[in-house]
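Participant: Would you mind keeping the following structure in view while I ask a few things?
FYI, it's all coordinate maths here, none of it is from the lab. It should be emphasised that the depicted structure is a prediction, and the values quoted were computed from it without experimental measurement. We place every Cβ from the backbone using ideal geometry, glycine too, and count neighbours over all the protein chains shown.
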Amino acid sequence: MPAIATTPTLKGVRLTRTYGDGAKRRAALQHVSLDLFPGQIALLMGPSGSGKSTLLAVLSGLLEPDEGQVLADDGGEMRDVWSMTPKQREAYRLRTTGFIFQGFNLFPAFTARQQLEIVLNWGGYARGGDARRQADDMLDRLGLSPNKHKKPAQLSGGEKQRVAIGRALVKNPSFVFADEPTSALDWENGQKVMELLRDGAHERGASILVVSHDHRLLPYVDVYYHLEDGLLEERPLTPPGH
Amino acid sequence: MSYALLTLWHERQRYVSGVFAVTFSAMLIALQCGLLLGLFKITSIPIDHATPWDRDRVIWVGSTGAPSVDLGKPIPVGFLTRLAGREGLSSPELYIANFGNFTKPVGGTELCFLLGTRLDDEALAPADVLTPELRAALSEPFTIVVDRSDIARLKLDSPEGKPKINGKEVRVVGVVTGLRSLAAPWVFCSTHTARQLMGPLLPADHTTYLLARADTPERARQIVADLRATYSEDMSAYVAEDFSYSSREYWLLRTKAGVAIGYAALLGLLVGAVITAQTLKTATEASAREFAILLALGIPRWRISLMVLQQSMWVAVIGMGLAYPVCLGLRQVALMGGADVDLRWEVLSGTAALTTLMCTGAGLWALRGVRQIEPMSLLR
């Protein structure tokens, strides 16, 4: 494993987030603090309803916390994501953030190449032939070159998730947030996905946060967090029972 | 290919109802307007069929307050001097156009419209469908020509009896085709015959119109402007094509037929708009998770809105692409049945503009679906 940088690029500071009112009020996050480092792949686990997805959403700039800060390295400067205006936050996500979700969410009408091209074109990263070349490069690295003209209906589950990973990585983000990226896949394809994400972190220097229930992912990550009842703790990378 | 078009093609079964709604709407608008214009062309037949190749050069002079060719009142023949001697203008000729009382050979009467003109080869006024043979026949006193479509209406197919106009016996020496009438059948004759038939209803030193041809369209407009400026108190002047337009517009507005067509077109637009809007909104909602991913990645929402609007434009283009050939086909069918559907470029481009506007409105309505998309929905 390559050396992890000592300065975090994403810091969650005393994050609190509650849902509901009155007697139904429930704390999903209670003063949670977390550092993510460049080149590091972190795993966030915990039982259902423990607040994993809430923490991912808060850290990624999708859900505002009730209290606390999310400080992110944006062009060498640590900025509080939740002090930005919505427009600034949208632009920040465009510059820095990639997402992978359990459900792939690929456009049924587009080929694998077009799924990546649309991000480059609409995000203003590249246009026309340049966008096509960059999309092809990424698909090549993911082993999807033979499938670049195929639409989602012609791809297997594993291939679809690799395309989704390509879509998240093609703009070379500083942070990648993956919510249950392997849960819709068999273990063989799940392993491939984790290898690709680990390579994405180590080779590209991205900070990757993976939310999952699956302990089999532990060998593929650099750090493991456990979240339960809104409280976060870092745990050793030894699978239970070892 | 654009992302909007790619999606449209892939999800064509979803979009087909919207496309057909636009097709239906465009057809309804184009055919209704075309039928109306075709119908009201009848009101300007005497102008449109008089030297049609020179409609931008022939000048019509008539009484004041005659917005339509069938509403001209007698004017003094002496007005000829107002036209005579003008540079680049031919010698003016008389045109008698008046309603008459047609008595059918078997009895009963019908209103008719007498069109009395010069009949020589140089004359401007006679209908272009009057062949040299018919013109020669019409040179005999009390002879007339009518349109084939009016033969039955005037009972001229009856072997018995003789027709009369204003109580004077006339003889039908031929028929023409394609000059259908609305209220009163057109009756073509010479100025001499017309004057005889009108009798005291048209004083001897009066006519209904004066016609003259300028050497250029520019000259025609200049002379008309000059005549209007000088003699507006007791006569009116038009270039033929403007008089034709004025005649049709007058009857279109007078009969309020435009209002009826407007309601029908509005109905078509409403049906098209509702179905297209619903189709686009449903399609947008079906792609909500894919759009949510793009929003999470920081793609601006306006990009997605633009794609939905592009889809609405494509629905408009494809819908109209289907509608226009069908309209042209139906026009041929209508022509075979004797009805003219005037699908001039103004009708087609106006329909295109209305349909595009409707689809833009539908697209804007469907954007409500885009505004409801939230990336957080992917994490719930």
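Participant: As an exercise, use a Förster radius of 22 Å and the Cβ-Cβ distance of B:Ala286 and B:Glu374 to find the FRET efficiency, rounded to the nearest 0.05. Spell out each step's value before the answer.
Facilitator: Working: r = 16 Å, r/R0 = 0.73.
Taking R0 as 22 Å, the efficiency between B:Ala286 and B:Glu374 is 0.85.
Participant: What list do you get for B:Met313, B:Met336 if you sort them by fewest beta carbons within 10 Å?
Facilitator: Working: B:Met313 15, B:Met336 8.
Lowest count first: B:Met336, B:Met313.
Participant: Only sites in a loop by DSSP and with at most 11 other Cβ atoms within 10 Å count here; which GluC sites (Glu not before Pro) in region A:66-151 make the cut? Display every interim value, and only then the final one.
Facilitator: Values: sites: A:Glu67, A:Glu77, A:Glu90, A:Glu117; in loops: A:Glu77.
Hits after loop and neighbour filter: A:Glu77.
Participant: Between region B:245-289 and region A:20-96, how many Å separate their Cα centres?
Facilitator: With region B:245-289 and region A:20-96 each reduced to a Cα centre, they are spaced 50 Å.
Participant: If you wrap a convex hull around the C-alpha atoms of region B:8-107 and split its volume per residue, what is the figure in Å³?
Facilitator: Working: hull volume 23.6 nm³, N = 100.
Considering the Cα atoms of region B:8-107, their hull volume per residue is 236 Å³.
Participant: Grab the alpha carbons of chain B, take their convex hull, and tell me the volume per residue in Å³.
Facilitator: Values: hull volume 67.9 nm³, N = 380.
For chain B, the hull spanned by Cα atoms encloses 179 Å³ per residue.
Participant: Indicate the gyration tensor shape class of region B:130-173 (rounded, prolate or oblate), computed on the Cα atoms with a ≥ b ≥ c the square roots of the eigenvalues: a/c under 1.5 is rounded; otherwise a/b larger than b/c is prolate and the rest oblate. Present the calculation step by step, with values, prior to reporting the outcome.
Facilitator: Values: a/c = 2.21, a/b = 1.31, b/c = 1.69.
Since a/c reaches 1.5 but b/c is at least a/b, the shape of region B:130-173 is classed as oblate.
Participant: Just to be sure I understand: with springs between alpha-carbon atoms less than 10 Å apart, which residue in B:Tyr263, B:Tyr250, B:Tyr324 has the highest mean-square fluctuation in the Gaussian network model of chain B?
Facilitator: B:Tyr263
Participant: Which whole-percent values make up P(r) of region A:17-94 when all C-alpha to C-alpha distances are grouped in 10 Å steps starting at zero?
Facilitator: 16, 46, 31, 7, 0
Participant: Once the Cα gyration tensor of region B:170-312 is diagonalised, what are the square roots of 5 times its eigenvalues, in whole Å and ordered largest first, as equivalent ellipsoid semi-axes?
Facilitator: Working: eigenvalues 742, 105, 37 Å².
In descending order, the three semi-axes are 61, 23, 14 Å.
Participant: Given region A:108-220 reduced to its alpha-carbon atoms as identical point scatterers, what log10 I(q)/I(0) does the Debye formula return at q = 0.15 Å⁻¹?
Facilitator: Ignoring solvent entirely, the Cα scatterers give -0.62.
Participant: Indicate the helices, whole DSSP H runs only, in chain B that combine a mean Kyte-Doolittle hydropathy of -1.0 or more with a Cα extent along their long axis of 24 angstrom or more.
Facilitator: Helices meeting the span and hydropathy rule in chain B are B:12-40, B:257-286, B:301-336, B:345-371.
Participant: Here is a follow-up. Find the Rg to Rh ratio for the protein assembly as shown, where Rh is the Kirkwood radius over alpha-carbon pairs and Rg uses the same atoms. Numbers along the way, then the final one.
Facilitator: On the way: Rg = 40.2 Å, Rh = 30.9 Å.
A ratio of 1.30.
Participant: A further question on this structure: For the pair B:Glu169 and B:Asp121, what calculated FRET efficiency results from E = 1/(1 + (r/R0)^6), where r is the Cβ-Cβ distance and R0 = 30 Å, to the nearest 0.05?
Facilitator: Details: r = 29 Å, r/R0 = 0.97.
Between B:Asp121 and B:Glu169 the formula returns 0.55.
Participant: Need one number: the % of Cα-Cα pairs in region B:244-380 sitting beyond the 25 Å mark.
Facilitator: On the way: 4176 of 9316 pairs.
Summing the P(r) of region B:244-380 above 25 Å gives 45 percent of all pairs.
Participant: Please work out whether region A:120-175 counts as rounded, prolate or oblate from its C-alpha gyration tensor, where a ≥ b ≥ c are the square roots of the eigenvalues and a/c under 1.5 means rounded, while otherwise a/b larger than b/c means prolate and anything else oblate?
Facilitator: Working: a/c = 1.97, a/b = 1.48, b/c = 1.33.
It comes out prolate by the Cα gyration axes.
Participant: Considering all alpha-carbon pairs of region B:337-380, what whole percent are spaced by more than 12 angstrom?
Facilitator: Values: 694 of 946 pairs.
Considering region B:337-380, 73 percent of its Cα-Cα pairs are separated by more than 12 Å.
Participant: Assuming a ≥ b ≥ c are the square roots of the Cα gyration tensor eigenvalues, decide whether region A:46-185 counts as rounded (a/c under 1.5), prolate (otherwise, with a/b larger than b/c) or oblate.
Facilitator: Details: a/c = 2.61, a/b = 1.42, b/c = 1.83.
It is oblate, given that a/c is not under 1.5 and a/b is not larger than b/c.
Participant: For B:Thr208, what residues show an amide H to amide H distance below 5 Å, using hydrogens built from the backbone and excluding near sequence neighbours?
Facilitator: For B:Thr208, the qualifying residues are B:Ile75, B:Tyr95, B:Ile96, B:Ala97.
Participant: What three numbers, in Å, describe the spread of the alpha carbons of region B:61-166 along their principal axes, ordered from the longest?
Facilitator: Between the extreme Cα coordinates on each principal axis of region B:61-166 lie 53, 33, 22 Å.
Participant: Okay, moving on. Can you list, bin by bin at 5 Å, the percent of alpha carbon pairs in region A:178-242, starting at 0?
Facilitator: Over region A:178-242, the share of Cα pairs per 5 Å bin runs 4, 15, 27, 25, 19, 8, 2 percent.
Participant: Further, regarding this structure: Could you work out, for chain A, what percent of all Cα-Cα pairs fall into each 10 Å distance bin, beginning at 0 Å and stopping at the bin that holds the largest distance?
Facilitator: Final binned percentages: 8, 31, 36, 20, 5, 0.
Participant: Over all pairs of distinct alpha carbons, what does the Kirkwood formula give as the hydrodynamic radius of region B:139-240, in Å? Write out the running numbers ahead of the final one.
Facilitator: Values: mean 1/r = 0.0607 Å⁻¹.
Result for region B:139-240 stands at 16.5 Å.
Participant: Need the list of aspartates and glutamates near A:Lys171 for cross-linking: C-alpha distance under 16 angstrom, and skip anything on the same chain fewer than eight residues off.
Facilitator: Straight-distance partners of A:Lys171: A:Asp74, A:Glu90, A:Glu117, A:Asp130, A:Asp136, A:Asp137, A:Asp140, A:Asp199, A:Glu203.
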